[in-house]
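Step one of this worksheet: look at the structure below.
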Amino acid sequence: MIREVRTVVAGLTLAFTMAAAASAQAHKLSGALALSEEKGDVVTFVVAPDGERVVFLADLVTDEVFELWSVPSDQSAPPVRLNGTLVAGGDVLAFPRPRITTTNVVVYAADAAQDAYTGLYAVPIDGSSTPLLLNQPLLDPYPSDFSFELTQDWSRAIYRHYADDLYSVPLDGSTPPLLISTSCQNCYGSGFVS
């Protein structure tokens, strides 16, 4: 289990310090997947609440194509890719940063289905099933104000689009997103005052 986390700058790889009874030992968790000077940049990472797995965003396979990976913190298995197939030009987004629930579901944003159109996805941390798209339709090209958070019970994502429009969606995708607040910037003639 991870007790202390450190990013190692040498070679732009990711390492963690493991707590051991007698001594601490560093392990390279980002694997040896085709790393070179051009590939292998780890741009962000998140440790699961139980400390058993680490999720990180890196261009391990293709330079400048950032994908989401998961690896056991004890390095007992190689990293697995969490995101599905990306369209040409698609990436998993570093901001907003991916989140991990206590039930080991990873929630992340990506322009995976259509380049420049943001989707919100949920996937098991071990990659045992394909990612589930939570928001449809996809959000407009690169919304600069897109962000999301998870509810305290880890069952829903709340995401913001169009400055002040807030949506709520269950992480299991059982119901479509629900608009819970709007800025009404274009509500003239609808009875709303902006």
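The values are calculated or read from the model by the stated rules, or taken from the named source; none is laboratory data. Every value quoted in this text rests on a predicted model; they were computed, and no experiment measured them. For neighbour counting, all protein chains shown are included, and Cβ atoms are generated from backbone atoms with ideal geometry for every residue, glycine included. Side chains are part of the model used for accessible areas, which takes the heavy atoms of the whole protein and leaves out ligands, DNA and RNA. Shrake-Rupley method; radii C 1.70, N 1.55, O 1.52, S 1.80 Å.
Structure data summary
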quantity: Hits in segment 37-48 - residues which are touching a residue at least 12 places away in the same chain (Cβ under 8 Å), in a loop (DSSP other than H, G, I, E, B) and surrounded by fewer than 21 Cβ atoms within 10 Å (Cβ to Cβ); calculated: GLU38, LYS39, ASP41, ALA48
quantity: Subset tally (residues that are among the small types (Gly, Ala, Ser), in contact with a strand residue (DSSP E or B) (Cβ under 9 Å, 6 or more places away or on another chain) and not in a strand (DSSP E or B)) for segment 49-78; calculated: 3
quantity: Whichever residue in segment 141-150 is open to solvent by less than 80 Å² (accessible area, probe 1.4 Å) and in a strand (DSSP E or B) and, among such residues, is modelled with the lowest pLDDT; calculated: PRO141
quantity: Filter result for the condition that a residue is closer than 14 Å to ALA48 by Cβ and part of a loop (DSSP other than H, G, I, E, B), over GLY90, GLY127, GLY84; calculated: GLY127
quantity: Residue that is farthest from LEU134 (Cα to Cα), among those in segment 62-77 that are open to solvent by 70 Å² or more (accessible area, probe 1.4 Å) and charged (D, E, K, R); calculated: ASP74
quantity: Qualifying residue in segment 95-103 (condition: in a strand (DSSP E or B), modelled with pLDDT of 95 or more, among the charged types (D, E, K, R) and over 20 Å from TRP154 (Cβ atoms)); calculated: no
quantity: Residue in segment 73-96 that is within 11 Å of the chain's Cα centre (by Cα), closer than 17 Å to GLY173 by Cβ and of a type outside the set (Gly, Ala, Ser) present; calculated: yes
quantity: Matching residues in segment 36-62 - criterion: being at pLDDT below 90 and more than 14 Å from ARG81 (Cα to Cα); calculated: SER36, GLU37, GLU38, LYS39, ASP41
quantity: Only one of VAL80, VAL87, VAL92 that is open to solvent by less than 30 Å² (accessible area, probe 1.4 Å) and either modelled with pLDDT under 95 or not charged (D, E, K, R) (or both); calculated: VAL92
quantity: For SER129: the one exception among (1) within 22 Å of TYR167 (Cβ to Cβ); (2) of a type in the set (S, T, N, Q); (3) free of Cβ contacts under 8 Å to residues at least 60 places away in the same chain; calculated: (1)
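Table: residues versus (1) modelled with pLDDT of 80 or more; (2) among the β-branched types (Val, Ile, Thr); (3) within 29 Å of ARG53 (Cα to Cα); (4) open to solvent by 30 Å² or more (accessible area, probe 1.4 Å).
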{"site": "VAL105", "(1), (2), (3), (4)": "yes, yes, yes, yes"}
{"site": "THR118", "(1), (2), (3), (4)": "yes, yes, yes, no"}
{"site": "LEU132", "(1), (2), (3), (4)": "yes, no, yes, yes"}
{"site": "LEU139", "(1), (2), (3), (4)": "no, no, no, no"}
{"site": "GLN152", "(1), (2), (3), (4)": "yes, no, yes, yes"}
{"site": "LEU166", "(1), (2), (3), (4)": "yes, no, no, yes"}
{"site": "PHE192", "(1), (2), (3), (4)": "no, no, no, yes"}
